[in-house]
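The block underneath contains the structure these notes are about, expressed in structure tokens.
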Amino acid sequence: MSGVASRASSEVPAAGASPVPGGGRIPVLPGLGTSWYERGARYWMRRTGTGVLWLVVLAFFCFVSLSLYSGFREALPSGVRTVWDVAQVVASCVGAVWGWTVQRRAHRRDLLDPPRPGRARAARRASVRRSTGLAVLGRGLVVIAAPVMPAFAAFCVGWSVAALTVREYPTEVGARRAMQE
């Protein structure tokens, strides 16, 4: 599967070459703009900026998760706290690995059928529309999920780290293929 990503990465034009074969336009990708095409400093600045932003968001999410868990933990009898804490540590380790695995499998699957630029934009718009409703629903569920929030946060950290540390995104591969057609 990684051969698919490597092949697309090697299709980047040499410095000074014509931007697009045939004089076409470089597709604008969500989150990357046109910087994905040459993978220069602008591209890596965007990727780094996205990573730093996610680091801040995940740090805040982990803080909130641990605060909620702490509130739940205080209600437990002292003998049960230690057992529950150990269970949370184990569940958090499993959650982080599981999140990583889920994301990497999805990435491999998406590389086999990468989205073309139009499909990537449509998927992004649909995701934004869904996220508002999910955020409202999530507020109520967070209180109920307080006993397992550290494990859920660890899953989110594993998933996010796996998503942000790939060589290239499936949307880049899809855009390169669409330009070749």
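Values in this text are rule-based calculations from the coordinates and carry no lab data. Keep in mind the model is a prediction, meaning the values are calculated, not measured. In this analysis, Cβ positions are derived from the backbone assuming ideal geometry, glycine residues included, and neighbour counts consider all displayed protein chains.
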Here the convex hull volume per residue of region 37-76, taken over Cα atoms and given in Å³, is 45
With the label point 7 Å along the Cα-to-beta-carbon line of ILE26 and a cut-off under 19 Å to each amide N, the hits in region 165-181 are 167-181
